[in-house]
Amino acid sequence: MSSMRLSVIVIMLLALVGCGGPRAVLGLPIASSSGSEPRATIPIYVATTRARSGNLSLPYSAERSQTLNFAKLDIGIPRNHVPGRVETSGRVPDQSRHFSARTYQAVAGRQEFIRQLNTALAQRAPEDREIFIFVHGYNNNFADSVFRNAQITYDYNIKSVSLHYAWPSGASIPLYVFDRDSALIGRRGLAETIEIAAQTNAKRIIVVGHSMGAYVVTEALRDLALSGHTSTLKRLGGVVLAAPDIDVDVFLSQLDDIGDIPRPFTIIVSQRDRALGFSRRLAGGHPRVGSGSEVAILQKREIAVIDVSNIDGGRHNVFASSPTLMEIVNNDALMRSVVREDQGPVGQTMLANGASVVEGAASLVIFLPSRVLSGLAQASAEQSRRYGRASD
């Protein structure tokens, strides 16, 4: 490869993630002069195929572990936190200004991890006894990813038990291929993590994967299906892929192997996602699922598509960083039909050219799956018949 071509690829990868300063650290052990108390503390349970390290500031490295490691962390949200941001430091974090770990506890074994998850579930109101599994994307170290999970949990006011799956990303811009290989290796660890969640007392399990983490999610679901763990898949109460960095043809093949997909199954796309545009170039021009070019095909596969192209720039991490999207998602009336697949009021859904479009704040567009569309159309027709009879 010529030096010029290598330079172009590095520039493209820089654009994928943006430039930043020193990588985040957890900040353990807590220094006595670390500042005032954080605004809030978010408990995060962790299952990871990262290898353990001897460094408390990053207790899990980029090395690949053959077995799952488990832990629980309490993550401090800084007092100056701006919704959508993850304020970090590459040095000792100031708890009033930076995300930081308040505590870290390794958990010895699968059964003890299940016991702790059940304890956390029991401490919540009955309607909140759910497990929210978040899977991070490319170029994340352990602190980057666990802080992002805590930020999403806090900013979206998620009351479920947050379970973070950390696969061994190299956390280096040039290591895109290493991360892609690690994502494939990490699928079995995520499949096991989902199995563990399914063995708890959780009423529902929601899985969210971002970017390359979405690839880990679909591969894990495929592994569960092909290994006959259909009962585990049935325990899933929803799957969300945010800006999935997955080849469209690969994704359709994965869906064929999975068969009966968990529902609701939602994909967040943006036609203005520059990161996926560069990823497409690296892949020889093959479209990525998260770019939103194949909405009709996804609808036919019973997948809901949320187009965030016109929300806060439609960037690669807009699902986690957009205050506008946070307000919309917290509007239960608007999101009910996608998140819970309940049938909302017909007047709230506009049917046009075979696509269901729900327009909310900042031009959010939701394309409902064909099956839901059919139900809404039938309900609309029935409502029209009733109105006609009442008018006679």
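The values are calculated or read from the model by the stated rules, or taken from the named source; none is laboratory data. Keep in mind it's a predicted model, so treat the numbers as computed, not measured. Cβ placement follows ideal geometry from the backbone for every residue including glycine, while neighbour counts extend to all protein chains displayed.
Filter region 152-167 down to the residues that are among the aromatic types (Phe, Trp, Tyr) and crowded, with 23+ Cβ neighbours inside 10 Å, then identify the one that is nearest to Val46 (Cα to Cα). Show your work before the answer.
Residues of region 152-167 that are among the aromatic types (Phe, Trp, Tyr), as a first pass: 154, 156, 165, 167.
Subsequent filtering for residues that are crowded, with 23+ Cβ neighbours inside 10 Å retains 165, 167.
Numbers: Tyr165: 6, Trp167: 11 Å.
The extreme case among them is Tyr165.
Inspect region 165-184 for any residue being under 17 Å from the mean Cα position of the chain (by Cα) and closer than 16 Å to Val240 by Cα and give the result as yes or no.
The answer is yes, given that some residue of region 165-184 is under 17 Å from the mean Cα position of the chain (by Cα) and closer than 16 Å to Val240 by Cα.
Select, from Ala225, Ala171, the only residue that is assigned to a loop (DSSP other than H, G, I, E, B), out of contact with any His (no Cβ under 8 Å at 6 or more places or on another chain) and surrounded by fewer than 24 Cβ atoms within 10 Å (Cβ to Cβ). Please lay out each step first, then the result.
Details: Ala225 fails: assigned to a loop (DSSP other than H, G, I, E, B).
The unique qualifying residue is Ala171.
Tell me which strands (runs of 3 or more DSSP E) are completely within region 45-148 and hold 3 or more residues being in contact with a helix residue (DSSP H, G or I) (Cβ under 8 Å, 6 or more places away or on another chain), closer than 16 Å to Ala171 by Cβ and among the hydrophobic types (A, V, I, L, M, F, W, C), or say none if there are none.
So the answer is none; nothing clears 3.
For region 45-72, which positions are exposed (fewer than 15 other Cβ atoms within 10 Å of the Cβ) and aliphatic (A, V, I, L, M)? Break it down stepwise before answering.
Of the residues in region 45-72, the ones exposed (fewer than 15 other Cβ atoms within 10 Å of the Cβ) are 52-56, 63, 66-67.
Leu56, the sole residue that qualifies.
Does region 69-95 hold any residues that are within 30 Å of Arg110 (Cβ to Cβ) and among the hydroxyl-bearing types (Ser, Thr, Tyr), and which are they? Spell out how you get there, then give the answer.
Keep residues of region 69-95 that are within 30 Å of Arg110 (Cβ to Cβ), which gives 69-77, 86.
None - no residue of region 69-95 is within 30 Å of Arg110 (Cβ to Cβ) and among the hydroxyl-bearing types (Ser, Thr, Tyr), so the list stays empty.
Which of the residues spanning region 290-300 are out of contact with any strand residue (DSSP E or B) (no Cβ under 8 Å at 6 or more places or on another chain) and in contact (Cβ under 8 Å) with a residue 60 or more places away in the chain?
If the condition is that a residue be out of contact with any strand residue (DSSP E or B) (no Cβ under 8 Å at 6 or more places or on another chain) and in contact (Cβ under 8 Å) with a residue 60 or more places away in the chain, then Lys300 is the only one that fits.
Counting only residues that are part of a helix (DSSP H, G or I) and among the hydroxyl-bearing types (Ser, Thr, Tyr), which one in region 311-325 is surrounded by the most Cβ atoms within 10 Å (Cβ to Cβ)? Reasoning before the result, please.
In the first step, residues of region 311-325 are kept if they are part of a helix (DSSP H, G or I); the result is 312-314, 318-321, 323-325.
Now narrow it down to the ones that are among the hydroxyl-bearing types (Ser, Thr, Tyr): 321, 324.
Values: Ser321: 21, Thr324: 18.
So the residue we want is Ser321.
What about Ser172, is it farther than 30 Å from Arg39 by Cβ, modelled with pLDDT under 95 and among the polar types (S, T, N, Q)?
yes
Just one of (1) at pLDDT below 75; (2) more than 19 Å from Pro262 (Cβ to Cβ); (3) touching a strand residue (DSSP E or B) at 6+ places or on another chain (Cβ under 9 Å) trips up Asn330, so point out which.
Status for Asn330: all satisfied but (3).
Please count how many residues of region 180-211 are more than 21 Å from Ile44 (Cα to Cα) and buried (at least 24 other Cβ atoms within 10 Å of the Cβ).
1
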